Amino acid sequence: QVQLVESGGGLVQAGGSLTLSCEVSGGTFSYYAMGWFRQAPRKEREFVATINWRGTVYAESVKGRFTISRDNAKNTVTLQMNNLESEDTAVYYCAARPQGVVPATEEEEYDNWGQGTQVTVSS
């Protein structure tokens, strides 16, 4: 059973930065494509970024501000978030699915999820 544990959330002022991490256990990390999603209060969960063997894909709302990366030696995927805005306030979730050819940007495509970590951006 694959387990995902996020860390790194917190409170930050607008314009600041945060780094989220997700550690994966119980499986072969390199086998998985990894994604980050978020859910703001009273909104649906939405795609943020994904990384697979072919590269990365970002939501338009975070492109140029967020960077997703992975360290296969440490079984970890990271989301570096810069120039944060109040609209980035949400619970952020890490997700995993088997590697594929096409980047996965829909939550239904992911089999495994973390518990989420809260990010709050004050304006």
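Neighbours of G35 by Cβ distance under 10 Å: Lys/Arg scored +1, Asp/Glu scored -1, total -2. Its alpha carbons give the chain an Rg and a Dmax of 13.4, 40 Å.
Which net charge results for the neighbourhood of S123, defined as the other residues with beta-carbon distances under 15 angstrom from its beta-carbon, given Lys and Arg at +1 and Asp and Glu at -1? Local charge sum for S123: -3.
Taking packing as the residue-averaged number of other Cβ atoms within 10 angstrom, the listed peptides 19-26, 96-103, 33-40, 107-114 run from highest to lowest as 33-40, 19-26, 107-114, 96-103. Relative contact order, whole percent, for the chain stands at 36, derived from Cα pairs under 8 Å and 6 or more residues apart.
Read the figures in this text as sums done on the coordinates, not as results from a lab. Bear in mind the structure is a predicted one, so any value in this text is a computation, not a measurement. Note that each Cβ is placed from the backbone with ideal geometry, even for glycine, and that neighbours are counted across all protein chains shown.
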